[in-house]
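Novice: Got a structure here, written out as structure tokens. Questions coming.
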């Protein structure tokens, strides 16, 4: 037995000693020595614990700094996406408000319009709608009750507008004030000027009068505002008088325009 | 031996304050396996009492447990199975599982530490053993 279990006597002795100490402890006979020993071990345990806490805080700071950096990067990306989404929603809101306002000027029961955004301005104004959206040649382009131009070229997704300020643009027009009515033809002069030509000397027109479309061409309704008279040019030796007309809106200020498709 | 006792006491203080692993048991079992002698029983008894005191457990409980496990490791070490590292690792795992029944600790980390501790204890215990000379192949 002794060969099978090494140090058998010592083992049994220590087992008995353990049992004895166990029962003495349960009977509270060892309270005093335990209390005395705790004066020695408690400060040591406290020291180890505080050192461990400090080390943990140091490492914790490093990990949280790394995590914070990653979180910051992710949040910046998310912020970028939200700003982009916000900008898109604002644009859509502006378009929706403009559409609602446009419907108060042109009755949607009579005129079907398509909203389009200007995407470029050179000689012609380019918009982001084309044949896919129902745009066709010579359709009128308006903003509220103001005539801007007509479709000159159209592709699948974009179109170009011949503006009323373009020399190729000729539109029958009239103006009306307290003294009477005057008829003429609106011809573009480039820049931001329009000339109302072929006005009879007998017809009354003065600065500040609004000029409207006659609607004789067929592609635009009657009564759309073409501009406001700035100056009346009268020459006695000529058959007709002229008036300089300025458009109400600056094209560069417009975020959305409307094409009358029906 | 004095160094070993100091290291054991340090380990006991660490595992009752900072660490959540029972390192002392692993080292004791591995030492009992690698160097079966009566000093292991004395270490198991005395440091078991200290661990019970530091843990506020009933005195004598850990002593009984460590004595039994240490003696079992020494019996196995002296048998035909006493040369395999896997037997030593298996002993450590079984000891940790039994000890976790009394006080749960992070048993996964204790098992993972068993292999490096085996080599550490083996290196420490065999540091004064002279190895056979290395013959150069010319």
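Novice: Looking only at segment A:1-16, which residues are at the interface with another protein chain (Cβ under 7 Å from one of its Cβ atoms) and part of a helix (DSSP H, G or I)?
Specialist: A:10, A:11, A:14, A:15
Novice: With the checklist (1) in contact with a helix residue (DSSP H, G or I) (Cβ under 8 Å, 6 or more places away or on another chain); (2) in a loop (DSSP other than H, G, I, E, B); (3) surrounded by fewer than 17 Cβ atoms within 10 Å (Cβ to Cβ) in hand, flag the one item residue B:104 doesn't pass.
Specialist: So the condition that residue B:104 fails would be (1).
Novice: Being under 19 Å from residue B:49 (Cα atoms), surrounded by 10 or more Cβ atoms within 10 Å (Cβ to Cβ), over 41 Å from the mean Cα position of the chain (by Cα) and within 11 Å of chain B (Cβ to nearest Cβ) narrows it down to one of A:34, A:50, so name that one.
Specialist: One residue alone meets the criteria, A:34.
Novice: Looking at A:44, A:89, A:93 in this structure, which one is surrounded by 13 or more Cβ atoms within 10 Å (Cβ to Cβ) and part of a helix (DSSP H, G or I)?
Specialist: A:44
Novice: Then there's this: Determine which member of the set B:87, B:75, B:93, B:111 is in a helix (DSSP H, G or I), within 9 Å of chain A (Cβ to nearest Cβ) and at pLDDT below 90. Please lay out each step first, then the result.
Specialist: Details: B:87 fails: within 9 Å of chain A (Cβ to nearest Cβ); B:93 fails: within 9 Å of chain A (Cβ to nearest Cβ); B:111 fails: within 9 Å of chain A (Cβ to nearest Cβ).
Matching residue, one of B:87, B:75, B:93, B:111: B:75.
Novice: Now for a different question. Restrict the check to segment A:66-82 and report whether at least one residue is more than 8 Å from chain B (Cβ to nearest Cβ), closer than 30 Å to residue A:115 by Cβ, touching a residue at least 60 places away in the same chain (Cβ under 8 Å) and surrounded by 10 or more Cβ atoms within 10 Å (Cβ to Cβ).
Specialist: Taking segment A:66-82 as the starting set, the residues that turn out to be more than 8 Å from chain B (Cβ to nearest Cβ) are A:66-82.
Next cut, closer than 30 Å to residue A:115 by Cβ only: A:79-82.
Filter once more, keeping what is touching a residue at least 60 places away in the same chain (Cβ under 8 Å): none.
Within segment A:66-82 (the criterion being more than 8 Å from chain B (Cβ to nearest Cβ), closer than 30 Å to residue A:115 by Cβ, touching a residue at least 60 places away in the same chain (Cβ under 8 Å) and surrounded by 10 or more Cβ atoms within 10 Å (Cβ to Cβ)), the answer is no, since none of the residues qualifies.
Novice: Residue check: is residue A:99 in a helix (DSSP H, G or I), more than 30 Å from residue B:6 (Cβ to Cβ) and touching a strand residue (DSSP E or B) at 6+ places or on another chain (Cβ under 9 Å)?
Specialist: Values: in a helix (DSSP H, G or I): yes; more than 30 Å from residue B:6 (Cβ to Cβ): yes; touching a strand residue (DSSP E or B) at 6+ places or on another chain (Cβ under 9 Å): yes.
Yes, satisfied.
Novice: Still on this model: Tell me which residues, restricted to segment B:53-72, are more than 10 Å from every other protein chain (Cβ to nearest Cβ) and modelled with pLDDT under 90.
Specialist: Selection gives B:55 alone.
Novice: Would you check if residue B:50 is modelled with pLDDT of 90 or more, more than 8 Å from chain A (Cβ to nearest Cβ), over 15 Å from residue B:26 (Cα atoms) and assigned to a helix (DSSP H, G or I)?
Specialist: yes
Novice: Moving on to the next point. Name the single residue, out of those in segment B:38-47 being surrounded by fewer than 20 Cβ atoms within 10 Å (Cβ to Cβ) and at the interface with chain A (Cβ under 8 Å from one of its Cβ atoms), that is nearest to residue B:11 (Cα to Cα).
Specialist: B:42
Novice: Which pairs do you get when a residue that is surrounded by 20 or more Cβ atoms within 10 Å (Cβ to Cβ), found in segment B:57-76, comes within reach of a residue that is outside any helix (DSSP H, G or I), reach meaning Cβ atoms under 6 angstrom, with the pair 6+ apart or on two chains?
Specialist: Listed pairs, sorted by first residue: B:74/A:6; B:74/B:36.
Novice: Condition check: assigned to a helix (DSSP H, G or I) and within 14 Å of chain B (Cβ to nearest Cβ). Does residue A:22 satisfy that?
Specialist: So residue A:22 fits the description; yes.
Novice: For residue A:218, only one of the following conditions fails: (1) over 18 Å from residue A:260 (Cβ atoms); (2) modelled with pLDDT under 90; (3) surrounded by fewer than 18 Cβ atoms within 10 Å (Cβ to Cβ). What is its number?
Specialist: Every listed condition holds for residue A:218 apart from (1).
Novice: Inside segment A:183-202, can you point out the residues that are out of contact with any strand residue (DSSP E or B) (no Cβ under 7 Å at 6 or more places or on another chain) and surrounded by 16 or more Cβ atoms within 10 Å (Cβ to Cβ)? Break it down stepwise before answering.
Specialist: So the first thing to find is which residues in segment A:183-202 are out of contact with any strand residue (DSSP E or B) (no Cβ under 7 Å at 6 or more places or on another chain), and the list is A:190-191, A:202.
Correct list: empty.
Novice: Given the residues A:148, A:216, A:220, which is the only one that is within 18 Å of residue A:115 (Cβ to Cβ), touching a residue at least 40 places away in the same chain (Cβ under 8 Å) and part of a loop (DSSP other than H, G, I, E, B)?
Specialist: Within the list A:148, A:216, A:220, the selection yields A:220.
The values are calculated or read from the model by the stated rules, or taken from the named source; none is laboratory data. The structure presented is a predicted model; accordingly, all values stated were derived computationally and were not measured. Don't worry about glycine lacking a Cβ; one is built from the backbone with ideal geometry, like all the others, and counts go over all protein chains shown.
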